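S.K.: Below is a structure I'd like to ask you about.
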Amino acid sequence: QVQLVESGGRLVQAGDSLRLSCVVSGRSFSAWTLAWFRQAAGKEREFVAGMSGSGDSIQYTDSVKGRFTIARDNAQNTVALQMNNLKLEDTAVYYCAGDVSLAVETQSAFIDYWGQGTQVTVSS
């Protein structure tokens, strides 16, 4: 059974940094695309960042480019999201996502596996 478990979410102030982690278990995921999505209150879940299994393809949504960095460690079965210079609009539940496709999947409807989510709240 595949499990994705996120951690690291908490209350921070605008301008702070935060690192989210996700541990994947249940099967080998080295060939998977791993990604982070987020869902703010009253909004749809949106793609934040993703990395292909090979690491050759990395994508970010425009609003986080230059501030967020996705990284994966296949040996440790983890994927992380380093978030710098956090803004109020980054407040959301952040979800770790795993997809068996070779390309980075940015549409939440096509994601195969989800974590339970971790809350990130950015205050002024």
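The values are calculated or read from the model by the stated rules, or taken from the named source; none is laboratory data. Worth saying up front: this structure is predicted, and the values here are computed from it rather than measured. Note that we place each Cβ from the backbone using ideal geometry, even for glycine, and neighbour counts take in every protein chain shown. With ligands, DNA and RNA removed, areas are computed over all heavy atoms of the protein, side chains included. Shrake-Rupley method; radii C 1.70, N 1.55, O 1.52, S 1.80 Å.
S.K.: Kindly provide the set of residues from the stretch 109-124 that are over 19 Å from VAL2 (Cβ atoms) and surrounded by fewer than 21 Cβ atoms within 10 Å (Cβ to Cβ), ordered by number.
M.R.: Step one: list which residues in the stretch 109-124 are over 19 Å from VAL2 (Cβ atoms), which gives 119-124.
Within the stretch 109-124, GLN119, THR121, VAL122, SER123, SER124 meet the criteria.
S.K.: (1) surrounded by 13 or more Cβ atoms within 10 Å (Cβ to Cβ); (2) within 15 Å of ASP73 (Cα to Cα): which one isn't true of ALA31, the others all being true?
M.R.: Of everything listed in (1) surrounded by 13 or more Cβ atoms within 10 Å (Cβ to Cβ); (2) within 15 Å of ASP73 (Cα to Cα), ALA31 misses just condition (1).
S.K.: In addition: Pull up the stretch 55-77, narrow it to residues that are under 18 Å from ILE111 (Cα atoms) and touching a Leu at 6+ places or on another chain (Cβ under 9 Å), then point me to the one that is least open to solvent (accessible area, probe 1.4 Å).
M.R.: Checking each candidate, the answer is ILE70.
S.K.: Can you tell me which residue within the stretch 92-108, out of those that are in a strand (DSSP E or B) and either crowded, with 21+ Cβ neighbours inside 10 Å or of a type outside the set (A, V, I, L, M) (or both), is modelled with the lowest pLDDT? Quick ask: steps written out before the conclusion?
M.R.: So the first thing to find is which residues in the stretch 92-108 are in a strand (DSSP E or B), and the list is 92-99.
Now drop any that are not either crowded, with 21+ Cβ neighbours inside 10 Å or of a type outside the set (A, V, I, L, M) (or both), which leaves 92, 94-99.
On the way: ALA92: 98, TYR94: 98, TYR95: 98, CYS96: 97, ALA97: 96, GLY98: 93, ASP99: 90.
Within the stretch 92-108, the match that is modelled with the lowest pLDDT is ASP99.
S.K.: Go through the stretch 40-54 and give me each residue that's more than 10 Å from the chain's Cα centre (by Cα), surrounded by 14 or more Cβ atoms within 10 Å (Cβ to Cβ) and either more than 15 Å from TYR94 (Cα to Cα) or without any contact (Cβ under 8 Å) to a residue 12 or more places away in the chain (or both).
M.R.: SER52, GLY53
S.K.: Does the stretch 23-46 hold any residues that are touching a Leu at 6+ places or on another chain (Cβ under 7 Å) and under 14 Å from MET83 (Cα atoms), and which are they?
M.R.: The answer is TRP36, and nothing else.
S.K.: Name the one entry in THR69, THR91, THR61 that is polar (S, T, N, Q), within 15 Å of THR121 (Cα to Cα) and free of Cβ contacts under 8 Å to residues at least 60 places away in the same chain. Give the derivation first.
M.R.: Details: THR69 fails: within 15 Å of THR121 (Cα to Cα); THR61 fails: within 15 Å of THR121 (Cα to Cα).
The conditions single out THR91.
S.K.: Still on this structure, please answer the following. Take the conditions modelled with pLDDT of 95 or more and either closer than 15 Å to ALA92 by Cβ or surrounded by 14 or more Cβ atoms within 10 Å (Cβ to Cβ) (or both) and apply them to ARG19. Does it pass?
M.R.: no
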